[in-house]
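Here's the structure, in structure tokens; my notes come after.
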Protein chains: 4
Amino acid sequence: MSNTPEVNVVLGRNQYGKAENHVVRVTKDGDRHSIEDVTVISQLHGDFDSAHYDGNNEHVVPTDTQKNTVFAFAREGIGSPEDYLLRLGQHFVDDFAWVTGGRWGARQVVWERIAVDGEGHDHSFFRGGSGGETRTAVVKLAENGAAKHVISGLQDLAVLKTTESGFVGYPKDQYTTLQETTDRILATNVTARWLYNTTDIDFNATYESVKRILLETFTNHYSRALQETQYLMGKAVLEAHPEIDEVKFSMPNLHHFVVDLEPFGLDNPNVVFWAAHSPYGLIEGTIRRESLGDTDKLWDGVPAFV
Amino acid sequence: MSNTPEVNVVLGRNQYGKAENHVVRVTKDGDRHSIEDVTVISQLHGDFDSAHYDGNNEHVVPTDTQKNTVFAFAREGIGSPEDYLLRLGQHFVDDFAWVTGGRWGARQVVWERIAVDGEGHDHSFFRGGSGGETRTAVVKLAENGAAKHVISGLQDLAVLKTTESGFVGYPKDQYTTLQETTDRILATNVTARWLYNTTDIDFNATYESVKRILLETFTNHYSRALQETQYLMGKAVLEAHPEIDEVKFSMPNLHHFVVDLEPFGLDNPNVVFWAAHSPYGLIEGTIRRESLGDTDKLWDGVPAFV
Amino acid sequence: MSNTPEVNVVLGRNQYGKAENHVVRVTKDGDRHSIEDVTVISQLHGDFDSAHYDGNNEHVVPTDTQKNTVFAFAREGIGSPEDYLLRLGQHFVDDFAWVTGGRWGARQVVWERIAVDGEGHDHSFFRGGSGGETRTAVVKLAENGAAKHVISGLQDLAVLKTTESGFVGYPKDQYTTLQETTDRILATNVTARWLYNTTDIDFNATYESVKRILLETFTNHYSRALQETQYLMGKAVLEAHPEIDEVKFSMPNLHHFVVDLEPFGLDNPNVVFWAAHSPYGLIEGTIRRESLGDTDKLWDGVPAFV
Amino acid sequence: MSNTPEVNVVLGRNQYGKAENHVVRVTKDGDRHSIEDVTVISQLHGDFDSAHYDGNNEHVVPTDTQKNTVFAFAREGIGSPEDYLLRLGQHFVDDFAWVTGGRWGARQVVWERIAVDGEGHDHSFFRGGSGGETRTAVVKLAENGAAKHVISGLQDLAVLKTTESGFVGYPKDQYTTLQETTDRILATNVTARWLYNTTDIDFNATYESVKRILLETFTNHYSRALQETQYLMGKAVLEAHPEIDEVKFSMPNLHHFVVDLEPFGLDNPNVVFWAAHSPYGLIEGTIRRESLGDTDKLWDGVPAFV
């Protein structure tokens, strides 16, 4: 069988690599240990045409090799997921002429010291990171490493406010049955991703700061729409962090319905709620610096939303 | 079609009810709000034979009614999942002559106050509960409520120690390839359930105490086998809590393999690990008071293990 | 630290082993290949006290060895998951004096031949098994293998009937709001497990027969309650299969609510439904031969329901 | 608090709507019923700036209204998920001046008739669709409906070939340990999405045809790389379907490792495999007509890959 491409069918954008490399790196400062726990994906971009067209693998750095490299590079330590991925990516574009770039991603989970007699233990940990969210990082390299971009984020930071939220003034049509309210529960799982304009930064400290800003801004205003709250959250991040140019959010509106207890002879002054699983609202938006150019290409292949 | 049972086919043990009733109860002490978030299952035991044999529903308290009751009872507040389920269960055995007992269960998630300027906010929360575990409670009633039993627990409390664990001295046969080690990572997600000998107790405080004991005991010894660690964890709970008679554990041994970096010219002094997804070890055991009688019936229908 | 048990704290029931051993066995009859795909758990019962009490592993057949054995035994072929597990279990009770029994389980997925020009291909397959269900098998050995029991089953066989189902005549109380109906959708995911009274049987053929009976019985009557339908399904299995003594079911009642389209000027003669995710009804029951003794011990540790 | 945007922070791309609307539509042709089962997401594009900037909802068609519309439009029937979503989308751009477009998506599951006495039953069904895949459809409208695009697809079509696959000739570096092979299992879960160049088509028939081509092409060649197989699959679709312009794939390489049975005195001529869960290879690519222009914008917000 000849795999020579037909005149009118060609290979378009493509990438390949190894997913779900779960690396645990222990650092031992004498008896005092610490843990970095990242699950890494490596995806290469470049000239792999002959593999697709002709089953010729001479450019195909095996996904198994990518996996080995991920683990070998952890020997030097992680530091931050972003820095670690930048080192990994640079290696691939440096060592293989036909690898022009790629996408490297990580999810990080946090381990906290178990308290014994009020002190954090030297080598025993529990899965921590209050909020239950997962930290994410994506590094994208292009132009043989001349272009580097970092997109950090968090997934599923669950937040809820029991009041100071309403929804009124919306348009009505023949399909509208929703009643207006000036006092409701607002609950969402924040998934956010932010684009840095630098790679020279303390990514760990910035992550903690962004997370704190998201939590505080969710809290500090009466929400007239989840859209407004999302915008304020993104704006606060950009105002505090000049090294961030753009924030993208995906935030479900997790409906908490006031249960009608009247049939049972009971009132319900907004105290008993049914937390519905589905359907749910979904509010996705981008908040960015006005001066920023088109960044759409940078978000390609990032699990973003809009 | 006649559904009269054949002489030799009969209905055995059965139960029915409504699952996944997700109740969020907000308590408002002026501007200071608090949240209780429980997902409840109600399952009735009793005489429902005619529904099975003849499609006669005169004894079938609808699952929809059970759901309504779950929400209505939340109007009075939750308190603890155990107390709430005890009240619920008592209602069903009291109000329906043919309902002799049942099983009521709950999962609880914890919401913590978002810190603003160092203070926990009045009405804004994030999903907390360090450790990521889910609290569980099961209440079982029998004999029209004369017999009441409470089994509390937690699921998936992830813990890990980077040293002070080994595995040696095991039997070898023709299928053995494992190497002995005196220094390994020990990691597990603790799922535990404990049987109380009373219903008159501060269930919330006891939960926190048991969780703390589990964490501390996981930490405070060199583990020669996950079996030993599990036993010590259960023993410590029973020694500290005379109101608990029995603890059951299901603990995966989540293997963290030292990555062989020699092919890449690197050493690996127990610092770079591959956290394998599967297969995994699974250690399940019961630790109980020696004087305790047969409790097997009490664990029926509880998602227990052994 | 001495791990000698306190006078009043002892080890109760326990088991341990390796979970999620995913074995794919290819049988090559010349160019004609076939696939058996099973995910196996091995759990040993016996005298492991010293590991729990004293961290002495001399009885602890490593879970790694159990894994190796699972794969090695696949060299001879699988045949049926039940037969394979029986061979595995017999090995452990035969070869280790202190292993008195255990529990071995498997989930099986089916691969069907891809049709090319109307013929099933020799070596290309897709994940098949119409219905999407997972086949399950559990083998339990006790008394050093003198007692052998097999419990087979299936999980999540999704079925739905668009009519010939109703729910009337149920008791009403102050929490009842449900309306009676004589025409509704009945939908469930059947999870069933059945206890054999023999190990000398064609397990594959019986599985197919039981599945067919479950589907046909779900279909062939007006359902006055899911309880009735469940009973009829179990009864039909027992009537057709004398080698089966008992069937246990867990069947959610997956509510399909008729959507009220009146606000939009539309009727809805039972044609547009909202398939709600949760809460859902849950009907669990046992259908068994009247002459059968107490089998509760046989179901210990099986993911059963009631 | 003023939400007036700072001079340099603005709203970028955004969308909102209702997710996970699970619609079951029954069509009753006398006693002969049929089922369409789709889970729909509706997301609107347009001018919603004032909601984000000022909490002014006068343009915010409630997500609840979108949900109601989804169910109301099902009254007319579904037909195909693509046609249904096109009707839905057109409604929103027609009825709301500021809604310029949007994204509407659906997952469809198939119900097949239960066979009774060899005949498909009138109103009883099981979850079918051999292969276990989920059918997907996305409709995108822009320019007030002047631009319409349809992207159909399938998720997780599991396929496996037991031979006729190898991997040789790849580059080696210091991190390479993989051995070459000319006979391996090739297994993947195909996720594919294809872009139509028309909306006037029998979407259901085309779906079945594309699925058949994907299965047959996976089968009909010796695979020298998963990249080659993926390219051939896409090429075959484009050659058979002039109404399709582009296909995107995400295909994990699900490793089936030959188990080393030598330590146990057994050979293993490629018959016993460990199906590893992770890490896994991931091969993502686009196959398209050479004449096709830049379609990147059309794929925005579609869960695509590269």
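The values are calculated or read from the model by the stated rules, or taken from the named source; none is laboratory data. From a predicted model like this one, the values you see are computed outputs, not experimental measurements. A quick note on method: Cβ atoms are made from the backbone with ideal geometry, for glycine too, and the neighbour counts reach across all protein chains shown.
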(request) Scan region D:156-163 and give yes if some residue there is on the phi < 0 side of the Ramachandran plot, in a loop (DSSP other than H, G, I, E, B), modelled with pLDDT of 95 or more and outside the structural domain of D:Glu36 (by TED's automatic domain parsing), otherwise no. (result) yes
(request) Might you let me know whether region D:54-70 holds any residue that is on the phi > 0 side of the Ramachandran plot and within 7 Å of another protein chain (Cβ to nearest Cβ)? (result) yes
(message) Checking A:Val109 against (1) surrounded by fewer than 24 Cβ atoms within 10 Å (Cβ to Cβ); (2) at negative phi; (3) more than 15 Å from the chain's Cα centre (by Cα); (4) not charged (D, E, K, R): exactly one of these is not met. Which one?
(response) (3)
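Would you call D:Ala187 in the same structural domain as D:Glu20 (by TED's automatic domain parsing) and either of a type in the set (A, V, I, L, M, F, W, C) or over 22 Å from the mean Cα position of the chain (by Cα) (or both)?
So D:Ala187 fails the test.
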(request) Report, by residue number, each residue of region A:7-40 that is at pLDDT 95 or above, at the interface with chain D (Cβ under 10 Å from one of its Cβ atoms) and in contact with a Lys or Arg (Cβ under 7 Å, 6 or more places away or on another chain). (result) A:Val9, A:Val10, A:Gly12, A:Gln15, A:Lys18, A:Asn21, A:Thr39
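So which of C:Val116, C:Val150, C:Val138 is in contact with a helix residue (DSSP H, G or I) (Cβ under 6 Å, 6 or more places away or on another chain) and either on the phi > 0 side of the Ramachandran plot or at pLDDT 95 or above (or both)?
C:Val150
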(message) Between B:Thr176, B:Thr199, which is at the interface with chain C (Cβ under 9 Å from one of its Cβ atoms), surrounded by fewer than 20 Cβ atoms within 10 Å (Cβ to Cβ) and at pLDDT 95 or above?
(response) B:Thr176
(message) Can you name every one of the strands (runs of 3 or more DSSP E) wholly within region D:28-136 that holds 2 or more residues which are more than 26 Å from C:Ile114 (Cβ to Cβ)?
(response) D:32-46, D:99-109, D:119-127
(request) Spot the failing condition for C:Thr4; the list is (1) hydroxyl-bearing (Ser, Thr, Tyr); (2) surrounded by fewer than 20 Cβ atoms within 10 Å (Cβ to Cβ); (3) modelled with pLDDT of 95 or more, and only one is missed. (result) (3)
(request) Please specify each residue of region B:229-270 satisfying the condition of being among the aliphatic types (A, V, I, L, M) and crowded, with 17+ Cβ neighbours inside 10 Å. (result) B:Leu232, B:Met233, B:Ala236, B:Val237, B:Leu238, B:Ile244, B:Val247, B:Met251, B:Leu254, B:Val259, B:Leu261
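When you look at A:Thr199, is it under 29 Å from A:Thr229 (Cβ atoms) and either polar (S, T, N, Q) or in contact (Cβ under 8 Å) with a residue 24 or more places away in the chain (or both), yes or no?
So A:Thr199 fails the test.
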(message) Checking the condition surrounded by 21 or more Cβ atoms within 10 Å (Cβ to Cβ), within 28 Å of D:Gln15 (Cβ to Cβ) and in contact with a Phe, Trp or Tyr (Cβ under 9 Å, 6 or more places away or on another chain), which residue from D:Leu154, D:Leu160 passes?
(response) D:Leu154
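For region A:295-305, does any single residue satisfy the condition of being closer than 21 Å to A:Ala236 by Cα, under 14 Å from the mean Cα position of the chain (by Cα) and modelled with pLDDT of 95 or more?
So far as region A:295-305 goes, no, none of its residues is closer than 21 Å to A:Ala236 by Cα, under 14 Å from the mean Cα position of the chain (by Cα) and modelled with pLDDT of 95 or more.
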(message) If I ask for residues that are more than 12 Å from chain C (Cβ to nearest Cβ) and of a type outside the set (S, T, N, Q), which ones from region D:108-141 would you list?
(response) D:Arg135, D:Ala137, D:Val138, D:Val139, D:Lys140, D:Leu141
(request) Sort out which residues of region D:247-275 are farther than 21 Å from C:His123 by Cα and touching a Gly at 6+ places or on another chain (Cβ under 7 Å), and write them in order of number. (result) D:Val247, D:Phe249
(request) For region B:287-297, enumerate the residues that are surrounded by fewer than 21 Cβ atoms within 10 Å (Cβ to Cβ), facing chain C (nearest Cβ under 7 Å) and in contact with a strand residue (DSSP E or B) (Cβ under 8 Å, 6 or more places away or on another chain). (result) B:Arg289, B:Glu290
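A quick yes/no check of all residues on (1) in contact (Cβ under 8 Å) with a residue 12 or more places away in the chain; (2) over 26 Å from D:Val70 (Cα atoms); (3) surrounded by fewer than 21 Cβ atoms within 10 Å (Cβ to Cβ):
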position	(1), (2), (3)
D:Ile114	yes, yes, no
D:Gly118	no, yes, yes
D:His123	yes, no, no
D:Phe126	yes, no, no
D:Lys140	yes, no, no
D:Glu143	yes, no, yes
D:Lys148	yes, no, yes
(message) I need every pair where a residue in region A:90-104 that is in the same structural domain as A:Gly46 (by TED's automatic domain parsing) and charged (D, E, K, R) has its Cβ under 9 Å from the Cβ of a residue that is buried (at least 22 other Cβ atoms within 10 Å of the Cβ) and not in a strand (DSSP E or B), sequence separation at least 6 or different chains.
(response) A:Asp95/A:Val61; A:Arg103/A:Gly89
(request) Would you check if there is a residue in region B:74-95 being among the hydrophobic types (A, V, I, L, M, F, W, C), farther than 13 Å from B:Val23 by Cβ and away from chain C (no Cβ under 14 Å)? (result) yes
(request) Kindly indicate which of D:Glu246, D:Glu262, D:Glu216 is of a type outside the set (A, V, I, L, M) and either within 11 Å of chain A (Cβ to nearest Cβ) or more than 24 Å from D:Thr162 (Cα to Cα) (or both). (result) D:Glu246
(request) Note down all Cβ pairs under 8 Å where the first residue falls in region A:237-258 and is within 30 Å of A:Pro279 (Cα to Cα), the second is among the hydroxyl-bearing types (Ser, Thr, Tyr) and assigned to a loop (DSSP other than H, G, I, E, B), and they're at least six residues apart or on different chains. (result) A:Glu246/A:Thr295
(request) Check whether at least one residue in region D:64-72 is out of contact with any Asp or Glu (no Cβ under 9 Å at 6 or more places or on another chain), in the same structural domain as D:Val139 (by TED's automatic domain parsing) and surrounded by fewer than 17 Cβ atoms within 10 Å (Cβ to Cβ), and report yes or no. (result) no
